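*Asks:* Mind looking over this structure? Questions follow.
No lab work stands behind these numbers, since they all come straight from the coordinates. Because the structure is a prediction, the values reported are computed rather than measured. Please note: Cβ atoms are built from the backbone with ideal geometry, for glycine as well, and neighbour counts cover all protein chains shown.
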Amino acid sequence: MEKTSLAELAEPVGAAAVRLTGLTKRFGSVTAVDDLSLSIEPGEVVAFLGPNGAGKTTTVDMMLGLARPDAGSVEIYGEKPSDAVAHGRIAAVMQSGGLLKDLTVAETVRMTASLFGRVRPVEEVLTRAGILGIADRRVGKCSGGQQQRLRFAMALLPDPDLMVLDEPTTGMDVEGRREFWAAIRQDAAHGRTILFATHYLDEADAYADRIVLVRHGKVVADGTAAELKGLAAGRTIRATLPGADPVALAALPGVDQVEVRGDSVLVRASDSDVVARHLLTATGARDLEITSRNLEDAFIALTTDSKENDR
């Protein structure tokens, strides 16, 4: 569906999908977002990750015009958030709320459609969200995953250029998550920009073009999944070793952490060769595996305070 000509004419040439500049938001003595700057280009799929309290939700609220920054600016395709929302250029799928349990799925979408001037057909968005088959089901009878799909259908109505997703696959089974992300990637291939927050790090690893990590209201890392994994130096050595001595293993050069799980031992180290050589020559270890650090390792390393790492 074509966008309003007014929005197109107003959009600066080469405008970023999202441009946050020096964004700051305080709640009393707490600084939720601290001089945060971020630019997202049209068509990018970006994972916005961080621990609880990192400032993700506050940042998203300012992008949606639900909160005003104390300092800095927000531009959505060169527009103020309120204008972008009014023009249907940005829509959001939130984790909870916003649904009336006594309405059917189709009634909910039709009611939402009445709030916009121009929308995609109701049946089309229900099909796109994979819930056309439960259109007559009352929302209160839908599973958590089906309700998330309903929120997705509602967000699709204005055919937004930018979609913000907050824990979009909560409550979905494995197949549902796979189908959902297949639809999202297809939308991105046609130019839609996606910004999503998730606790499923495997989703960020598999589906994001780029990952932005925030901590204490600041961006601490920004790059591809491979680039972020590279920031968590070292490897993990796993072996079967009944009666492993964690103290002796921890004393080896370059060892960062030792964890014993039943008959298995996991050693995280900057020099995997030293650990592997020790396990194979000085112990009865078998079934030895060496793997690079994963996104979870990078997430923990980059978003955990140094004092917590030292414990």
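*Asks:* How do the peptides 207-216, 295-304, 250-259 rank, highest first, by the average count of neighbouring beta carbon atoms within 10 Å per residue?
*Replies:* Going by the mean number of other Cβ atoms within 10 Å, highest first, we get 207-216, 295-304, 250-259.
*Asks:* Looking at the chain, how many pairs of lysines come closer than 29 Å at the Cα, when each pair is eight or more places apart or spans two chains?
*Replies:* Step by step, the pairs that qualify in the chain add up to 16.
*Asks:* Can you tell me the equivalent ellipsoid semi-axes for the range 43-129? Use √(5λ) from the Cα gyration tensor, largest first, whole Å.
*Replies:* Value: 27, 17, 13 Å, ordered largest first.
*Asks:* Can I ask one more? Which ³J(HN,Hα) values, rounded to whole Hz and listed in residue order, are derived for the range 19-32 from phi using the Karplus coefficients 6.51, -1.76 and 1.60 in 6.51 cos²θ - 1.76 cosθ + 1.60 with θ = phi - 60°, glycine and proline given as x?
*Replies:* Values, residue by residue: 9, 10, 10, x, 5, 9, 9, 10, 10, x, 8, 9, 9, 6 Hz.
*Asks:* Right, next: Based on the Cα coordinates of the range 17-86, what is the per residue volume of their convex hull in Å³?
*Replies:* Taking only Cα atoms, the range 17-86 has a hull volume of 82 Å³ per residue.
*Asks:* With the Cα gyration tensor of the range 181-311 in hand, convert its eigenvalues to equivalent ellipsoid semi-axes via √(5λ) and list them largest first in whole Å.
*Replies:* Sorted largest first and rounded, they come to 35, 17, 12 Å.
*Asks:* Something else about it: Over the range 1-153, what number does the Rg to Rh ratio reach, with both radii from the alpha-carbon atoms and Rh per Kirkwood?
*Replies:* Ratio of gyration radius to Kirkwood radius for the range 1-153: 1.01.
*Asks:* Also, I was wondering about something else. Give me the Debye-computed log₁₀ of I(q)/I(0) at q = 0.17, 0.26 Å⁻¹ for the range 234-292, equal point scatterers on Cα only, no solvent, two decimals.
*Replies:* These q points yield log10 I(q)/I(0) values of -0.42, -1.08.
*Asks:* Where does each of 230-239, 53-62, 155-164 land if you order them by average Cβ count within 10 Å, highest first?
*Replies:* Most protected by this proxy first, the peptides run 155-164, 53-62, 230-239.
*Asks:* Rounded to the nearest 500, what is the chain's calculated 222 nm mean residue ellipticity when only DSSP H runs of at least 4 contribute -39500 (n - 2.57) each, over all residues?
*Replies:* Working: 13 runs with 108 residues, N = 311.
After summing the helix terms and dividing by residue count, I get -9500 deg cm²/dmol.
*Asks:* In addition: How would you rank 126-134, 219-227, 43-51, highest first, on the average number of other Cβ atoms within 10 Å across their residues?
*Replies:* Working: 126-134: 18.0, 219-227: 15.4, 43-51: 21.7.
Per-residue Cβ counts within 10 Å, averaged per peptide and sorted highest first, yield 43-51, 126-134, 219-227.
*Asks:* Starting at 0 and stepping by 20 Å, how many percent of the alpha carbon pairs of the chain end up in each bin?
*Replies:* 29, 48, 21, 2
*Asks:* Using the Karplus equation 6.51 cos²θ - 1.76 cosθ + 1.60 (θ = phi - 60°), what ³J(HN,Hα) coupling, rounded to whole Hz, does each residue of the range 231-243 give in order, writing x for Gly and Pro?
*Replies:* Karplus values, whole Hz, x for Gly and Pro: 6, 9, 5, x, 9, 10, 10, 10, 8, 8, 8, x, x.
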